[in-house]
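For reference, the structure discussed in these notes is given below.
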Amino acid sequence: MSTDDSHRHRAEKLRAAIAGGTGITEAALRTAVAARAAGGPPVAEPYDELARQIGAASYRVTDAGVDAVRQAAGSDKAAFEIVMSACVGAGLARWDAAARVIAEATDAPA
């Protein structure tokens, strides 16, 4: 497996972990939060604001935002799943963008 294939495979494993597997929160919510952090459509509050902030400017996330998600999700573990889903979604969106740029540069005529 080439390095590029290995990275692509790992990215797909992250996507699959968010969308499937077991968790405290529903897979559909984790997937929606990941998509929202990547610039996707809005989700229910308070998840929407936190996911949007994580995707756009994670340094602006506040304790109040995380506390709101903790209250809505019902536990620290559930809130952690939501935060991690948003982080993975935002990270994979950036990775996808970088991979596209690299592919375009590689395919460009010399």
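Bear in mind that the values in this text are calculations on the coordinates, not laboratory data. Bear in mind the structure is a predicted one, so any value in this text is a computation, not a measurement. Note that we place each Cβ from the backbone using ideal geometry, even for glycine, and neighbour counts take in every protein chain shown.
Here is how the numbers come out for the structure above:
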item	result
Local net charge near ALA68, Cβ-Cβ under 14 Å (Lys/Arg +1, Asp/Glu -1)	-4
From the C-alpha gyration tensor of the chain, square roots of 5λ in Å	29, 16, 10
Shape category assigned to the range 71-110 from the gyration tensor of Cα positions, a/c cut at 1.5	prolate
Around GLY39: net Lys/Arg minus Asp/Glu count, Cβ-Cβ under 14 Å	+1
Difference of contour (0.36 nm per residue) and Cα-Cα distance, ASP76 to THR106	6.4 nm
For ASP48, net neighbour charge (Lys/Arg +1, Asp/Glu -1) across residues whose Cβ lies under 15 Å away	+2
Calculated [θ] (222 nm, deg cm²/dmol) that DSSP helices of n ≥ 4 give over the chain, each run adding -39,500 (n - 2.57)	-25000 deg cm²/dmol
